[in-house]
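These notes are about the structure you will find just below.
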């Protein structure tokens, strides 16, 4: 079933349709990833990709498809006693100028065969794997031992309040019910446990506008921001052990803006900082730390999402880790494992792509990891299939 | 004569037409200034005001009106052996949010009766005085001892390359020919001699983008800007004596921008600085000073305009100063006296408004100065009228 949205479907064509490659009997998952990447989907502009994903999933027999905004959920409904869930976000950070799309497939001196371009790493490699898995799961049908849910969602790369998984949890909590979840965020095909939390705050200085030929009549807010940047430059991030995994923190300016015109003394300067904090700290603790660092300045927290403790001692997680044959690592980036954790669903990160290149202008993904994740997850999902 | 532009005239109405108040036999120059201010004309958006000024001047008999872009020139053509020129710019810096228009007329505890709002000081007080003078000059006609040129121009508050007076000098140099010029920039109705030069430069740091959860994979360009702001905050501006007037310099950040998104380590940060330099320094000397201050950083000069030496020993300037009965002061702000100076036309600043409030959110102009400038300039222009 497909729950239609109010918007008309995007005209299909080679650029925005995925059905041909997903329907191809000789499915090439790397080609599928490339096609997913080549439909731009910067946060807030995911509609074309969500339309293509919805259409491709609807074309598969054996899964129910639900659309909510630009999120798409596909589920088997076999009535099994156990359900596992795989999730990934459709959106990416902004393109570069000139745009780092379409994707190039090339040989990297260290990584070998790679896809290069926006989204290849974070995380359309995982989205492509999910789509390929959905086809195999749909084909297995009644043979599946467990029900399976695939979640594709919007607005992961922006403030937490707009997160599509959060919206799904509010609008359709029943669709996220599961016994265990895998989030296909880039982890180099290694299980990464837990995640750091993330907090964004605006550190603001205020001055008084005046003509820049007579600055002594005003007060320069940008000059006042000098110690804010100096404290950031001098900041020594902490490393925190949580359940045996060492989480590395970080505090950075991510944006700065100030000024009115080229001949006006600026009356306001805002430095937006991003604090990545270990899962041993809650939101209040993280805010207190940022306020301490910027003591004496106006600090407004605009966005905070707590991390998740690793939880790898839980049986479902331990079983999944064993199947991947990898040694778990801590997840430095905030991911929606924290949201599943808050919903009571144990979850781990496991997906293709080295997160070291996530958000970088030249982000890339080794094609071998795409294929490896597909096979590991496919074996896990189809395990015990009748 | 009016040289038509390609754009259709603005529909006339109470908000954008000045003809009624300029044509009123009992002309109230303060009301005229208020009306000029209430037609917003932020740099680049001067058309409505230029249309109104052109229409009001065209309605006067006795002056030839020429339009060039959003500049308007009105001239008597009596064939006198001497010509004087009065000039002022139509544009303003951006409005505040909420907008500091329409103008309010109120009693200020120190300044008395004032107009408050964008443009009242810089420099629509002067524009209103010019319009009122144009009416008197047009009415004097053949009785005038000297020919008179009124120049109203666009794009003064932005980079020098777009300055409307500069464009007029290129397109219609004959319209700017004069023996002496008065620029009605705000000077509290005191003659201000010469002007500081102005230079804008971008001081840029570059880093490497990466996900903000793993900043050790990138390099933070905003953090690198800390010493740029620290040098600005610590900078001690110079005071320079030029021909007996002491020019006070200034170096300020006017804009800062950096960052890509809330979860990306910024790969670029640009601090735009504005250096106001004494007229003893030329453009190359000013650039060398800025490069010295920001030694070690990438500095790109985007805009430079040299100042003007006072030149008050020249006979025409000395005669005008005597008529105003004021003691000349140095002009700290860059003004187009520098452009007239470069064209070989001796020029001074003399206009209503305390430039201490120019560009401030609450910029204002004492109404008594508007009336005083009108009478002083009127007496000067009509002196010797037959």
- prompt: Do you know which of the residues in segment B:190-206 that are surrounded by fewer than 22 Cβ atoms within 10 Å (Cβ to Cβ) and more than 11 Å from chain A (Cβ to nearest Cβ) is farthest from residue B:312 (Cα to Cα)?
  reply: B:206
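Picking from A:338, A:318, which residue would you name as being within 14 Å of another protein chain (Cβ to nearest Cβ), farther than 30 Å from residue B:304 by Cβ and assigned to a helix (DSSP H, G or I)?
Just a single option satisfies the conditions, and that option is A:338.
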- line: Condition set assigned to a loop (DSSP other than H, G, I, E, B) and surrounded by 13 or more Cβ atoms within 10 Å (Cβ to Cβ), scope segment B:321-330, selection modelled with the lowest pLDDT: answer is B:326
- request: Please enumerate the residues belonging to segment A:259-298 that are in contact with a helix residue (DSSP H, G or I) (Cβ under 7 Å, 6 or more places away or on another chain) and free of Cβ contacts under 8 Å to residues at least 40 places away in the same chain.
  value: A:259
- prompt: Of the numbered conditions (1) more than 19 Å from the chain's Cα centre (by Cα); (2) within 14 Å of another protein chain (Cβ to nearest Cβ), residue B:368 satisfies every one except a single condition; which is it?
  reply: (2)
query: Across segment B:67-86, which residue is nearest to residue A:264 (Cα to Cα) among those that are touching a helix residue (DSSP H, G or I) at 6+ places or on another chain (Cβ under 6 Å) and surrounded by fewer than 24 Cβ atoms within 10 Å (Cβ to Cβ)?
result: B:68
- prompt: Filter segment B:87-100 for residues that are within 14 Å of another protein chain (Cβ to nearest Cβ) and surrounded by 15 or more Cβ atoms within 10 Å (Cβ to Cβ); which is nearest to residue B:180 (Cα to Cα)?
  reply: B:89
query: Of all strands (runs of 3 or more DSSP E) completely enclosed by segment A:101-158, which ones contain at least 1 residues that are crowded, with 19+ Cβ neighbours inside 10 Å and touching a strand residue (DSSP E or B) at 6+ places or on another chain (Cβ under 8 Å)?
result: A:112-116, A:147-153
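Sort through B:333, B:344, B:379 and tell me the only one that's surrounded by fewer than 21 Cβ atoms within 10 Å (Cβ to Cβ) and either in contact with a strand residue (DSSP E or B) (Cβ under 7 Å, 6 or more places away or on another chain) or closer than 22 Å to residue B:242 by Cα (or both).
B:344
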- prompt: Among A:112, A:119, A:69, A:128, which is the only one that is under 20 Å from residue A:334 (Cα atoms) and at pLDDT 95 or above?
  reply: A:119
- prompt: Name the residues in segment A:50-100 that are in a helix (DSSP H, G or I) and without any contact (Cβ under 8 Å) to a residue 60 or more places away in the chain, would you?
  reply: A:51, A:52, A:54, A:55, A:58
message: Would you confirm, using the coordinates I've provided, whether residue A:360 is surrounded by 15 or more Cβ atoms within 10 Å (Cβ to Cβ) and within 14 Å of chain B (Cβ to nearest Cβ)?
response: yes
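The values are calculated or read from the model by the stated rules, or taken from the named source; none is laboratory data. Just so it is clear, the structure is predicted and the values come from calculations on it, not from any experiment. Virtual Cβ from ideal backbone geometry, glycine too; neighbours counted across all protein chains shown.
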